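Visitor: The structure follows.
Read the figures in this text as sums done on the coordinates, not as results from a lab. Because the structure is a prediction, the values reported are computed rather than measured. No Cβ is skipped: glycine too gets one built from the backbone with ideal geometry, and neighbour counts run over all protein chains shown.
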Amino acid sequence: TGLPHSPHFAAEENFSDLGPLLHELIEEGKRVAAATGIKLHEDPWEMNKIGAMTNHPTSMLYDVRRQLPTEVDFLSGAIAREAQRVGVSAPLHTAVYRLIKGKEDAWTFRDENQPATAHSKAGGH
């Protein structure tokens, strides 16, 4: 996503804060876990709040910054696939998964999305 792990991930005071979205993603993941018989041993929201206090780049942000394949297939992608398999709705994780996969795919099209220069219009390199 390009977002670092920071206190914004737990903030809930303002409409633009990410906390409410994270709550919804966590609840969606918990519903999928319950439907698949997975018992969570820790509260994901509490884990998020602790991580948000560290103000560090996440491993996925590291990958995004370096245009490397991310671990989204094993995070939101896994939740979305399991949700589909067991017939549980997971629109947020599905959207996150598709957006990040789209970002990954876009890295290969970077040259096509650059504005043409006078040199390239004339057939030069």
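Visitor: Name the residue that is nearest to residue 96 (Cα to Cα), counting only residues in segment 17-36 that are among the small types (Gly, Ala, Ser) and in contact with a helix residue (DSSP H, G or I) (Cβ under 9 Å, 6 or more places away or on another chain).
Guide: 29
Visitor: Here's something else I'd like to know. Inside segment 69-94, can you point out the residues that are of a type in the set (Gly, Ala, Ser), surrounded by fewer than 22 Cβ atoms within 10 Å (Cβ to Cβ) and within 11 Å of the chain's Cα centre (by Cα)?
Guide: 77
Visitor: A further question on this structure: Which members of segment 19-45 meet the condition of being among the hydrophobic types (A, V, I, L, M, F, W, C), surrounded by 15 or more Cβ atoms within 10 Å (Cβ to Cβ) and either within 16 Å of residue 80 (Cβ to Cβ) or in contact with a Ser or Thr (Cβ under 9 Å, 6 or more places away or on another chain) (or both)?
Guide: 25, 26, 32, 33, 35
Visitor: In this structure, is residue 64 touching a Lys or Arg at 6+ places or on another chain (Cβ under 8 Å), of a type outside the set (S, T, N, Q) and either assigned to a helix (DSSP H, G or I) or exposed (fewer than 15 other Cβ atoms within 10 Å of the Cβ) (or both)?
Guide: So residue 64 fits the description; yes.
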